[in-house]
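The values are calculated or read from the model by the stated rules, or taken from the named source; none is laboratory data. Here the structure is a predicted model, which is why all the values come from computation and not from measurement. Here the Cβ is made from the backbone with ideal geometry for all residues, glycine too, and neighbour counts use every protein chain on show.
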Amino acid sequence: MVARFPQPQRCLSWAIVNGGEVVSDAVAWRFLAKDEVAQMGGDPPAWLRLCLEEAGLGTAVGLMTSRRPHSYVESTCGDCRCLATVGLSNALAAGDPPSLPAKPTAQFGTINLLCWIQAPLTAEASLEALALASEARAAAVLQARIPSRMSGHPSTGTGTDYLVIAYPPEGHPSPYCGKHTPLGHQIATAVMEAVGRGAAQWLKEQKT
């Protein structure tokens, strides 16, 4: 699944391919099949980079998910648009003891989220936006009342979440986007709505 921007955007993330701070025209999700974990040869970033290059997406920010193909949610609030895939079988609480997956990677749900902010930001505001999006993600998961698979405490996300903030690289930048600002409200609202609906969708699937 590919989210293409009308023009290159500055992207901030910890994605395993083209993470950090980059300028890109797309964010791409690879929906994993069970047999693809073995094909990675112990190097998921290199494997995903090759997949993206073969698809003509070598400069895209790359994400992987074990969700059902093209199972995603969208939400928009003001200048912010959120696109996310939400799986919670790897749910954990912040502060849980470190652990290795007990099952193959493709069996683990994760939250992969793009928050596209259609307003330029300063470097400081972009970090604030990423922090606020992460906080909103955690709040939405807490509201879903899903226990950590490790501790049983209320989970705040999964052990393999990836968040991407994207915004125009040029223009008069907003210096702030915290909770007291309209832009901060829009970021948090869009993220919470998308993750909340994604969590509800995932929970419904577990009952069928």
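Which one of Leu142, Leu163 is part of a helix (DSSP H, G or I), among the hydrophobic types (A, V, I, L, M, F, W, C) and modelled with pLDDT of 95 or more? Outline the logic, then answer.
Numbers: Leu163 fails: part of a helix (DSSP H, G or I).
None of the other options fit; the residue is Leu142.
Filter the stretch 55-76 for residues that are over 11 Å from Arg30 (Cβ atoms) and not in a loop (DSSP other than H, G, I, E, B) and give the result.
Result: Val61, Val73, Glu74, Ser75, Thr76.
Within the stretch 77-91, can you find the residues that are over 18 Å from Phe31 (Cα atoms) and surrounded by fewer than 22 Cβ atoms within 10 Å (Cβ to Cβ)?
Once the filter is applied, which keeps residues that are over 18 Å from Phe31 (Cα atoms) and surrounded by fewer than 22 Cβ atoms within 10 Å (Cβ to Cβ), the stretch 77-91 yields Cys77, Gly78, Asp79, Arg81.
Condition check: at pLDDT below 95 and under 24 Å from Pro169 (Cβ atoms). Does Met40 satisfy that?
On the way: at pLDDT below 95: yes; under 24 Å from Pro169 (Cβ atoms): no.
In short, no.
Being surrounded by fewer than 18 Cβ atoms within 10 Å (Cβ to Cβ) and out of contact with any strand residue (DSSP E or B) (no Cβ under 7 Å at 6 or more places or on another chain) is the filter here; which residues of the stretch 123-152 pass it?
Once the filter is applied, which keeps residues that are surrounded by fewer than 18 Cβ atoms within 10 Å (Cβ to Cβ) and out of contact with any strand residue (DSSP E or B) (no Cβ under 7 Å at 6 or more places or on another chain), the stretch 123-152 yields Ala123, Glu124, Leu127, Ala131, Glu135, Ala139, Gln143, Ser151, Gly152.
Sort through Ala55, Ala119, Ala94, Ala46 and tell me the only one that's surrounded by 15 or more Cβ atoms within 10 Å (Cβ to Cβ) and either among the small types (Gly, Ala, Ser) or closer than 20 Å to Ser13 by Cα (or both). Lay out the reasoning, then the answer.
On the way: Ala55 fails: surrounded by 15 or more Cβ atoms within 10 Å (Cβ to Cβ); Ala94 fails: surrounded by 15 or more Cβ atoms within 10 Å (Cβ to Cβ); Ala46 fails: surrounded by 15 or more Cβ atoms within 10 Å (Cβ to Cβ).
One residue alone meets the criteria, Ala119.
When the stretch 177-208 is examined, which residues are found to be part of a loop (DSSP other than H, G, I, E, B) and surrounded by 15 or more Cβ atoms within 10 Å (Cβ to Cβ)? So that I can check it myself, show each step before the final result.
Step one: list which residues in the stretch 177-208 are part of a loop (DSSP other than H, G, I, E, B), which gives 177-181, 207-208.
Result: Cys177, Gly178, Thr181.
Here's a check for you: in the stretch 23-39, which residue that is aliphatic (A, V, I, L, M) and either surrounded by fewer than 17 Cβ atoms within 10 Å (Cβ to Cβ) or in a helix (DSSP H, G or I) (or both) is farthest from the chain's Cα centre (by Cα)?
Pass one, the stretch 23-39, residues aliphatic (A, V, I, L, M): 23, 26-28, 32-33, 37-38.
Next, from what is left, pick out any that are either surrounded by fewer than 17 Cβ atoms within 10 Å (Cβ to Cβ) or in a helix (DSSP H, G or I) (or both): 23, 33, 37-38.
Details: Val23: 17, Ala33: 19, Val37: 20, Ala38: 24 Å.
Per the criteria, the residue is Ala38.
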